[in-house]
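The values are calculated or read from the model by the stated rules, or taken from the named source; none is laboratory data. Computed from a predicted model, the values in this text were never measured in an experiment. Cβ placement follows ideal geometry from the backbone for every residue including glycine, while neighbour counts extend to all protein chains displayed. Calculation scope for accessible area: heavy atoms of the full protein, side chains included, ligands and nucleic acids excluded. Shrake-Rupley method; radii C 1.70, N 1.55, O 1.52, S 1.80 Å.
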Amino acid sequence: MLGRLVRELGWWRPLVLGMFLVLSLGRALFVAAASSGLGWVVPVVVGALALSLHRRRADLAFLHLAAPRFRPWLAAEYALLSVPVALVLLGRGRPGPAALVLMLAAAAALAPVAGAAAQHGPGRSPFRSVAFEWVSLGRRWWLGGGWLGLLLIACATRTTATGPALTVVGWLFLLTEAYGPAEPMLWLLPVLRQPAAWLRSRVGWAWLYFGLTVAPLAYVMLQGPAGVGGTLALLAWCATVLMMLVLAKYAFYPHATLSRLTQAGAVVVAVSILGSNPAYMALLAACFLGLLVKSRHRLAYLIPPIEDPASGQ
């Protein structure tokens with residue numbers, strides 16, 4: 001599978017993406033490990049990533065049938081993968097967060113299959129059917145609880161600029177779950193005569209519902225030290241990241257693995273521009289233009305030929 005991915009992407013794209021990914025994540029990890037407060041955020045992030053990867057595993061249904069007692073092995077696998085993060089925290093003198101990293105990563109193996117959990121959600125969604133990504137997201141039980149929890153955190157930290165800003169970014173990251181899976185191709189073929197129009201509609205619905213759902217969080221941020229300028233700048237950044245997520249979804253459609261890797265790289269590059277290095281801004285612009293061109297070309301390639309009734313072709 002890795003060989004096929006490298007052949008399609010080219011060897012230099014994964015190399016550049018991997019380099020920036022390692023540098024950005026390493027920098028964020030060392031900064032968080034040096035702080036007493038942010039050190040406890042690292043286990044939560046690692047546990048959330050392990051849970052997200054676990055619920056997207058394509059072999060869970062097979063493991064349920066072939067090896068019912070497979071969860072301890074998965075727990076050991078996730079704990080071993082999180083050992084480098086735990087070692088960094090331990091080296092910075094954070095034994096508590098280091099132990100919690102291993103525990104939360106291993107606990108992700110206890111989560112049920114994503115499809116089985118989704119069946120217990122409500123049958124209806126408050127979102128319009130044309131925004132099918134949000135319809136699927138609205139059926140998940142944790143969405144309302146996550147939004148309410150972020151709102152409570154924003155209200156509790158409204159006297160600071162960082163607290164409400166992190167809740168806005170956290171809500172954006174929660175929404176990445178909606179734009180990960182690729183819809184069936186049969187959904188696209190009847191309306192895919194104009195790829196640019198289709199992409200505009202997907203981005204438009206994403207911006208609309210994100211704006212409606214993030215408005216209370218942005219209002220709390222607006223009342224704090226961030227002010228109008230900081231709030232608008234953060235919302236513009238979120239809109240850019242959300243657009244790149246949509247474009248990355250269709251840049252390699254219908255290959256879900258390539259799309260998710262591209263989305264992860266887009267998020268990492270977008271987060272990197274929050275630093276002081278101007279080179280990341282140029283990289284973000286290049287990634288944005290590349291995704292825009294790649295997604296349009298990919299959808300144009302999938303358009304079926306139009307039959308000519310006169311010629312019978």
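Overview of values
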| item | result |
| --- | --- |
| Answer residue from the stretch 220-234, given it is open to solvent by 50 Å² or more (accessible area, probe 1.4 Å) and part of a helix (DSSP H, G or I) and is nearest to PHE288 (Cα to Cα) among those | ALA233 |
| Qualifying residue in the stretch 107-123 (condition: outside any loop (DSSP other than H, G, I, E, B), at pLDDT 85 or above, over 18 Å from ALA178 (Cβ atoms) and touching a Phe, Trp or Tyr at 6+ places or on another chain (Cβ under 7 Å)) | yes |
| From LEU242, LEU137, LEU199, residue being open to solvent by less than 30 Å² (accessible area, probe 1.4 Å) and in contact with an Asp or Glu (Cβ under 9 Å, 6 or more places away or on another chain) | LEU137 |
| Residue within the stretch 90-104 that is part of a loop (DSSP other than H, G, I, E, B) and on the phi < 0 side of the Ramachandran plot present | yes |
| Scan of the stretch 178-219 for residues that are of a type in the set (Phe, Trp, Tyr), at pLDDT 80 or above and part of a helix (DSSP H, G or I), ordered by number | TRP198, TRP205, TRP207, TYR209, PHE210, TYR219 |
| Residue identified as among the hydrophobic types (A, V, I, L, M, F, W, C), at pLDDT below 85, open to solvent by less than 50 Å² (accessible area, probe 1.4 Å) and out of contact with any Cys (no Cβ under 7 Å at 6 or more places or on another chain) among LEU175, LEU150 | LEU175 |
| SER35 of a type in the set (S, T, N, Q) and under 21 Å from the mean Cα position of the chain (by Cα) | no |
| Selection count where residues are assigned to a helix (DSSP H, G or I) and open to solvent by 30 Å² or more (accessible area, probe 1.4 Å), scope the stretch 34-62 | 13 |
| Index of the failed condition, ASN277 passing every other in (1) outside any helix (DSSP H, G or I); (2) modelled with pLDDT of 75 or more | (2) |
| Check on GLY96, surrounded by fewer than 14 Cβ atoms within 10 Å (Cβ to Cβ) and at pLDDT below 75 | no |
